[in-house]
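Below you'll find the structure, written out as structure tokens, and then a few comments.
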Amino acid sequence: MEKEKRIDPDELLASLEKEGLGKLTIFLGAAAGVGKTYAMLEAAKEKLSEGMDVVVGLAETHGRAETKALLEGLPVIPTKPQDYKGKTFYEMDLDAILARRPQIALVDELAHTNVAGSRHKKRFMDVQELLAAGINVYTTLNIQHLETLNDIVAQITGVTVRETVPDQILETAFQIQLIDIPPEELIQRLKDGKVYVAGQATEALKNFFRPGNINALRELALRYTAKKVDRQLESYMRVHGIAGPWPTGEKVLVCISASPFSAKLIRVAKRMAASQNAEWFAVHVEPHLHRLSGNEADRDSMAKNLRLAEQLGAEIIGLTGDDIAEEILHLAAKRNVSQIIIGKPEHTRFWTFVHGSVVDKVIRYSQGISIHVIPGSQQETGQRNYPAERVRKKGISPQLVHSSSVPYILAPLLMILMISIITPISSFLGIVNISMLFLLPVLFSAARWGRLPAVITAAMGVITLDFFFVPPIFTFTVADIRYVLSFAIFMLVGIITGTLSDRLKKQINYSRQRENRVSALYALSRDIAAVSQLDDVLESIVNNVSSTLEGQVVLLLPNEKGKLILQRDSGLNNFLNDSELAVASWVFDKGRKAGKGTETLGAATALYLPLSTEQGVQGVLGICFNTTEAQFDSERIRLLEAFAGLTAMAINRIKLSEQARRTLLTD
């Protein structure tokens, strides 16, 4: 009996959600000069002749006469001047296009980075806003700007492309038109000066535009376009209930860290997940020992990697534990992961012997999960040494390179004290008891100051013991080789006890921080549940968020006319001006967070989050952190989002209660 053909509800829902959005058409090429802008303008003229409302939001002609000629007759929205560092740049006028609301808007060079001070950091984000407003968009893109192909393009051409576009943009495109010409024709166009000016063209031909590079980029573009067509066909078959052989549900997990090499792992994972139509996760495991010792550079790098994974569609998962391999495998078993991608840095065998190998342990205990090990060089994995004189320049906490000077001053004083106490009674104690007594300063330094001071104290203890008490005395000569073993034990005691002390202190501090934040969430939920007046709820929210996250907090709610107004602040509101209010209004209208630390309106002073519920956006929560690094603290941002969720539910509850009360009075 033939199996009943059923429409896939998820695919149908996704297709219905897209109905209110604009359609994105991308003219994709292997490299600059293949004719993407020309093809886009030709298609626009054809639509204009059919009576459609078409406008040019931005078109880069690069001085090409034939491209300029195609612009004639097309309505053009004037670009918007932006001043930056004493120079004037011209960017697309997003607001003018939104106000004009054409049927089709032409936006050239999708991967472009907007000048600082623009609403969005990237042009593709401008395009997303146009699509959300129901405007169809024609745009152009070179294949080397695709995020997941960034490392492959760098390997092929030797050039790292800085401006990239998330794959999700192309995956949601309505249509991708491949613009392709033979390598010989492209090279001839370069020589004729139709792509770059004479000097630039000569340099490009020597480097990026070699025939081998062009062919490799063409293959990437052709393969990507073919995969896009396959996915569109599969989606069509699912929506319409057409039977077919569907791939099984694979799940891919990629292990990431603050290392720059993680960006390569993320792109590999995205390509693998896309090729297998799989769900994928980006997992970061932070040992307790290093939880609070990260420097600013590592925090920035970690935040960058997390943003990249999020942009490419991964589910972000943060774990904490000292056994990294165990945490990864436990999560993989819990989420039914079928494939794990992990990087292997270039460490020496001695380093691996001392510290152990996470990769080897994951492979050993994987139990049926496929493990993909991606090797990386020292440059890729970001192994760094920080000289003391560069500490403050790089923003690294001085505690990472050296501790306070106090332990190093007290260490020799402790040795002098031990000598003065032990010398008068040394003949009575004997060398064995003396050596045991010299362990006391080592244990004290480990418990009080940590590993490095303990090791320094142990080294000074070895020198003092050898010089003053080990025969022959007052020399560094060791007559009995067995004393060398005692000296080695001294050093081991310093290292082990110092390490354990460091770990215990950091675990205590981390537990205290987590306890404080969980308590803050509990206190806020208890406080807002106990009151029914909006003013009391807002006061409680502002005070809790400000004290817990250490920043200036504002709460903005709409008035009767739907305009945002300030309802409460933490008492130190010195940042909310007209420009900040404009950012908050954008967040309220679009229902997406923006401001400091994001790629949307990132020049703002504060970070703004929408207070979203099923009934819509209730208002905006804004915070200006007291410290710059707080905006890169992913745990703090997650806590802020949790506060915003509680706030939205509390405001919505009070509004519904008020509506119910008014209804009863009316009846």
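Summary of computed values
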item: Condition met for D535 (without any contact (Cβ under 8 Å) to a residue 40 or more places away in the chain, closer than 30 Å to L557 by Cβ and either surrounded by fewer than 17 Cβ atoms within 10 Å (Cβ to Cβ) or touching a helix residue (DSSP H, G or I) at 6+ places or on another chain (Cβ under 9 Å) (or both)); result: yes
item: Flag for L640 being in the same structural domain as V553 (by TED's automatic domain parsing), on the phi > 0 side of the Ramachandran plot and surrounded by 19 or more Cβ atoms within 10 Å (Cβ to Cβ); result: no
item: Unique residue being within 18 Å of V195 (Cα to Cα), modelled with pLDDT of 90 or more and crowded, with 19+ Cβ neighbours inside 10 Å when the list is A59, A105; result: A59
item: Helices (runs of 4 or more DSSP H) completely within the stretch 80-178 that count 2 or more residues being closer than 30 Å to R271 by Cβ and in contact with a strand residue (DSSP E or B) (Cβ under 6 Å, 6 or more places away or on another chain); result: 123-132
item: Set T140, T79, T67: member being buried (at least 20 other Cβ atoms within 10 Å of the Cβ), assigned by TED's automatic domain parsing to the domain that holds T37 and polar (S, T, N, Q); result: T140
item: Check on Q552, more than 24 Å from E635 (Cβ to Cβ) and polar (S, T, N, Q); result: no
item: Test: residue in the stretch 33-43 that is modelled with pLDDT of 90 or more, exposed (fewer than 15 other Cβ atoms within 10 Å of the Cβ) and of a type outside the set (S, T, N, Q); result: yes
item: Long-range neighbours under 6 Å by Cβ, at least six apart or interchain, first residue within 19 Å of N543 (Cα to Cα) within the stretch 553-566, second outside any strand (DSSP E or B) and of a type outside the set (S, T, N, Q); result: V553/V542; V553/V545; V554/L576; L555/L538; L555/V542; L556/A584
item: Within the stretch 557-591, tally of residues that are modelled with pLDDT of 85 or more, out of contact with any Ser or Thr (no Cβ under 7 Å at 6 or more places or on another chain), within 19 Å of T613 (Cβ to Cβ) and not in a helix (DSSP H, G or I); result: 5
item: Among the candidates M125, M92, residue that is hydrophobic (A, V, I, L, M, F, W, C) and touching a residue at least 60 places away in the same chain (Cβ under 8 Å); result: M125
item: Of the criteria (1) aliphatic (A, V, I, L, M); (2) touching a residue at least 24 places away in the same chain (Cβ under 8 Å); (3) buried (at least 16 other Cβ atoms within 10 Å of the Cβ), which one A594 fails; result: (2)
item: Enumerated helices (runs of 4 or more DSSP H) restricted to the stretch 406-473, each holding at least 2 residues that are surrounded by 20 or more Cβ atoms within 10 Å (Cβ to Cβ); result: 406-422, 439-449, 451-468
item: All positions within the stretch 604-637 that are polar (S, T, N, Q), assigned to a loop (DSSP other than H, G, I, E, B) and exposed (fewer than 15 other Cβ atoms within 10 Å of the Cβ); result: Q615, N626, T627
item: Residue among I135, I152 that is farther than 25 Å from A65 by Cβ and in contact with a Gly (Cβ under 6 Å, 6 or more places away or on another chain); result: I135
item: Test for E539: is it at pLDDT below 75, assigned to a helix (DSSP H, G or I) and either more than 23 Å from T613 (Cβ to Cβ) or assigned by TED's automatic domain parsing to the domain that holds A584 (or both); result: no
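The values are calculated or read from the model by the stated rules, or taken from the named source; none is laboratory data. Predicted, not measured: the structure shown is a model, and the values here were computed from it. For neighbour counting, all protein chains shown are included, and Cβ atoms are generated from backbone atoms with ideal geometry for every residue, glycine included.
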